[in-house]
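Right, one structure below, let's go through it.
The values are calculated or read from the model by the stated rules, or taken from the named source; none is laboratory data. Nothing here was measured: the structure is a model prediction, and the numbers come from that model. Cβ placement follows ideal geometry from the backbone for every residue including glycine, while neighbour counts extend to all protein chains displayed. We work out accessible area using only protein heavy atoms, side chains counted, and drop any ligands, DNA or RNA first. Shrake-Rupley method; radii C 1.70, N 1.55, O 1.52, S 1.80 Å.
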Amino acid sequence: LQLVESGGGLVQPGGSLRLSCAASGGTLDSYRIGWFRQAANERDGFSCFSKGGSITDYADSVKGRFTISRDHATNTVYLQMNSLKPEDTAVYYCAATTAYYYCSRYDPYEYNDWGQGTQVLVSS
């Protein structure tokens, strides 16, 4: 599965951004989709669609502020980010795997396919 992220940029604290993850070469329902971000050396996962898209999960750090959604017509996953904080600054990646169903944990090694990432900078 090929993934292309877009929508990153500079936003002030408290602002919003919507990231897109456009998929090709497969249908989203066949994959577990995860969102990760990398600010330093670690790539941390924070949100996920289970395979089939019926279950979503959020890490505590983003719960209530971030929302994931998907558009089957365009084979795209979206990440709506509200109430952004400076600590949300990172490169954001979407990732996909067929090997797992549920969003039980955020281990980047469980994901086979990755986008190129999009930079989000939260700063005044």
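Reported count of residues in region 87-111, each being in a loop (DSSP other than H, G, I, E, B), among the β-branched types (Val, Ile, Thr) and touching a residue at least 60 places away in the same chain (Cβ under 8 Å), is 1. Among the residues of region 77-120, the ones that are loosely packed, with under 14 Cβ neighbours inside 10 Å and among the aliphatic types (A, V, I, L, M) come to 1 in all.
Looking across region 21-43, the residues that are open to solvent by 50 Å² or more (accessible area, probe 1.4 Å) and either outside any strand (DSSP E or B) or of a type outside the set (S, T, N, Q) (or both) come down to 25, 27, 29, 30, 39, 40, 41, 42, 43. Can you tell me which residue within region 22-39, out of those that are of a type in the set (A, V, I, L, M, F, W, C) and at pLDDT 95 or above, is farthest from residue 72 (Cα to Cα)? Per the criteria, the residue is 36.
Applying the selection to region 99-124, what residues are touching a helix residue (DSSP H, G or I) at 6+ places or on another chain (Cβ under 8 Å) and at pLDDT 90 or above?
Here is the first cut: in region 99-124, the residues touching a helix residue (DSSP H, G or I) at 6+ places or on another chain (Cβ under 8 Å) are 99-100, 120, 122-123.
Result: 120, 122, 123.
If the condition is being of a type outside the set (Lys, Arg), under 19 Å from residue 101 (Cβ atoms) and modelled with pLDDT under 95, then region 60-80 contributes only 72. If the condition is being hydrophobic (A, V, I, L, M, F, W, C), assigned to a loop (DSSP other than H, G, I, E, B), under 21 Å from residue 105 (Cβ atoms) and without any contact (Cβ under 8 Å) to a residue 40 or more places away in the chain, then region 58-77 contributes only 62. Kindly provide the set of residues from region 1-20 that are in a loop (DSSP other than H, G, I, E, B) and either open to solvent by 70 Å² or more (accessible area, probe 1.4 Å) or acidic (Asp, Glu) (or both), ordered by number. Correct list: 12 only.
When region 44-76 is limited to residues that are closer than 21 Å to residue 90 by Cβ and of a type in the set (Gly, Ala, Ser), the one that is surrounded by the most Cβ atoms within 10 Å (Cβ to Cβ) turns out to be 47. The combined condition, being within 21 Å of residue 123 (Cβ to Cβ), part of a strand (DSSP E or B) and not charged (D, E, K, R), is not fulfilled by residue 84.
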